[in-house]
Amino acid sequence: MRNLTDEEHRFIEDMGQAMVGWGIARGTGRIYGYLLLRAEPAGLDQIAGDLEVGKSSVSVGARQLVSLGLARSSGERGSRRVFYEALYTLEAIFAARNAQANDLLARLSQGALAATTDEGRERLREMADLLRDFMTQGPELLRLLRERRRAT
């Protein structure tokens, strides 16, 4: 166990609160913030101790981060211990958000069909089309930005 700085605590708390807006439990967001600050993977005991939370809630939260594509787990040879580390790619974050974006896209499309005026129907269709385009072109934009950064 290590003592976290005030800045680290603030970041971890803020990340937990930010992820609540994504529909992710605050505790899971706190674990993600903690993992983002670490230079190496951490085991459940260490995460629970440093965050001063129960090991079972860390286990649930860490598995949720893995299922969302925000973290990965690895085992230790000859042991049942599992270690977790954050994935440092925007693609992982966008993939985690895509489930909500897909749901919004479905609702906008549904609204376009349900709208009783041409104006309402067109506005909802345009929103759905823009969101669909953004979701499709987002990964390509990230690739182009990375290439540009490497070239400079």
Notebook entry, point to check: Of all residues in region 61-84, which are touching a Gly at 6+ places or on another chain (Cβ under 8 Å) and in a helix (DSSP H, G or I)?
Noted result: G61
Item checked: Any chance D45 is touching a residue at least 24 places away in the same chain (Cβ under 8 Å), of a type in the set (D, E, K, R) and out of contact with any strand residue (DSSP E or B) (no Cβ under 7 Å at 6 or more places or on another chain) -> no
Note to self: So, in region 75-98, exactly how many residues are within 18 Å of Q64 (Cβ to Cβ), among the hydrophobic types (A, V, I, L, M, F, W, C) and in contact (Cβ under 8 Å) with a residue 40 or more places away in the chain?
What the structure shows: 4
Item checked: Candidate set: region 66-115, residues that are among the hydroxyl-bearing types (S, T, Y) and within 29 Å of D45 (Cα to Cα); chosen: the one modelled with the highest pLDDT -> Y84
Margin query: Out of everything in region 108-134 that is under 24 Å from E91 (Cα atoms) and surrounded by fewer than 16 Cβ atoms within 10 Å (Cβ to Cβ), what residue ends up being farthest from the chain's Cα centre (by Cα)?
Written below: D129
Margin query: For region 9-21, give me the residue count where each residue is surrounded by 10 or more Cβ atoms within 10 Å (Cβ to Cβ) and farther than 12 Å from I31 by Cα.
Written below: 3
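The values are calculated or read from the model by the stated rules, or taken from the named source; none is laboratory data. These numbers were taken from a predicted model, which means no experiment stands behind them. Quick reminder, even Gly has a Cβ in these numbers, built from the backbone with ideal geometry, and neighbours come from all protein chains shown.
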